[in-house]
Amino acid sequence: MATHSETSGLDLVGKLLDPASRADPYPVYAGFRALGPVWIDEISALVVTGYRDCETLLRDPRLSAERWRHFDEARESDPYPAGAPSSVRQPWFLSMDPPDHTRLRRLVSHAFTARTVARLEPYVTRLVDDLLDRACERDTFDVVSGLAYSLPVTVICHLLGVPAADERLFHGWSAQLTRQLDGFSNPADETSEAAERWAGGLVELHRYVNELVADRRWSPRRDDLISELLAAEDGGDVLSHDELVSTIVLLLVAGHETTVNLIANGVLALLRHPGHLAALRADPGLAPAVVEEILRYDPPVQLTARVAREDVHVGAAKVPAGGLVILLLAAAHRDPEANPDPDRFDPGRAQMRHLGFSAGAHFCLGAPLARLEGRVALAAFAGRVQEPRLVADPPPYREHINLRGVSELLVGHGPRGR
């Protein structure tokens, strides 16, 4: 028989899945926080919302990041078509545990350094200026398509050496793939049509990347991340072909999808809080703090999941070995013990704690690039777009629960300025 807490937890899961909650899931997260860590039988998962618990569990070696093993067991059949590249079955390294994760991360980090990111700032600045030049030619423009999407996808394609003409291909592929990262979906409940759609998109993307890798093996380039990954070596260790392709796919998808939400969520928060927008316009040096507050207040990644290697107790709740642990990071950021007055948007807050880039061994490799893109884009928007105003509030949201973000953010503005 279900307990009151289990029933309440399941009810909250239902509310979170409801598209009506997409514009503002934070009351639902507050409901989860009131329950504390809660095991929900119906989804076979422990849901955790406290900041201290989430931060601790992200570093806990008893929890595995290999979520794909958990979900693959729930599938009744292989979703990939005959003839699919072998690389589609190679897990992303962010979904691997040590020592495999440690090895792959070390190899990838050789070609994804802070120095590489620092060299990109002039390019990112020019790109943002060009995008805003075009956007401000119209009385109303969509921040998502005109800035938030275009910037990170162009930057990651530039880094990897993907032809500019092919950038449009990734929009459809990413939309199909990111739906699988929502965290509450059960592969056993997928329709054959849904599984075919995302698996087909992944196969197409892997075939495309296989061709890119073949080209770079034949003709390496300078300042090209694919060529650098091909050459990456650590103590005689190198990336296998499937590891290389899987890593490039990860960078293409994760390298822009999350930053789209960071920039769009940032513009939305600033437009809803004109005092902070005016402060940023007067002092672009506030942009780093604005980015960190967006990562806390309305993060691009709302949750993550782990699998218990053994029975684990979190407070009064228990997750059995093999059970799923869902860490509601966006809820943890609004934990008043971590961030006083957490529902208030305040880039100048004295205490700002967030897990927007995870923690521990899986801290995001792309964090410096995301911070750079967010900082440049938000400072430029504040400085360049005169008298901006939301056309619709709330704006429409994508269906995603985890990589939650607006599908369109129409902004009207006054005279063009620079």
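The values are calculated or read from the model by the stated rules, or taken from the named source; none is laboratory data. None of these values were measured; they are calculated from a predicted model. Quick reminder, even Gly has a Cβ in these numbers, built from the backbone with ideal geometry, and neighbours come from all protein chains shown. We work out accessible area using only protein heavy atoms, side chains counted, and drop any ligands, DNA or RNA first. Shrake-Rupley method; radii C 1.70, N 1.55, O 1.52, S 1.80 Å.
List of remarks:
- Loop-resident GluC sites (Glu not before Pro) (DSSP state other than H, G, I, E or B) in region 323-406 with no more than 13 further Cβ atoms inside 10 Å of their Cβ: Glu337, Glu399.
- For the chain, the dipole from Cβ point charges (+1 on Lys and Arg, -1 on Asp and Glu) about the Cα centre works out to 1100 debye, to the nearest 20.
- Our helix-only sum for the chain, with -39,500 (n - 2.57) per DSSP H run of n ≥ 4 divided by its residues, gives a mean residue ellipticity at 222 nm of -15500 deg cm²/dmol.
- In this calculation the C-beta distance from Val238 to Ala118 is compared with R0 = 25 Å, giving a FRET efficiency of 0.45.
- Rounded to the nearest 10 square angstrom, Trp92 shows an accessible area of 50 square angstrom against a 1.4 Å probe.
- Prolate/oblate/rounded call for region 320-382, Cα gyration tensor, a/c under 1.5 rounded: oblate
- Note on the chain: along the principal axes its Cα atoms extend 63, 56, 41 Å, ordered by decreasing extent.
- Residues whose amide H falls under 5 Å from that of Ser64, counting only those 5 or more places apart or on a different chain, are Val307, Ala308, Arg309, with hydrogens built in the peptide plane.
- Per-pair calculated FRET efficiency, R0 = 41 Å: Asp139 and Arg59 via Cβ, rounded to 0.05: 0.25
- Taking amide hydrogens as placed 1.01 Å from N in the peptide plane, the amide H of Ala45 sits under 5 Å from those of Ile40, each at least 5 positions away in sequence or on another chain.
- In Å², nearest 10: area of Leu229 left accessible to a 1.4 Å probe: 0 Å²
- Net +/- balance of residues flanking Leu369 in space, Cβ distance below 14 Å, scoring K and R +1, D and E -1: +1
- Using bins of 5 Å that start at zero, the share of Cα-Cα pairs per bin across region 265-418 amounts to 2, 8, 15, 18, 20, 15, 9, 6, 4, 2, 1, 1, 0, in whole %.
- Ordered from highest to lowest accessible area with the whole protein assembly present and a 1.4 Å probe, Glu293, Glu167, Glu310 read as Glu310, Glu167, Glu293.
- For Val301, the accessible area of its heavy atoms, probed at 1.4 Å with every protein chain present, is near 40 square angstrom.
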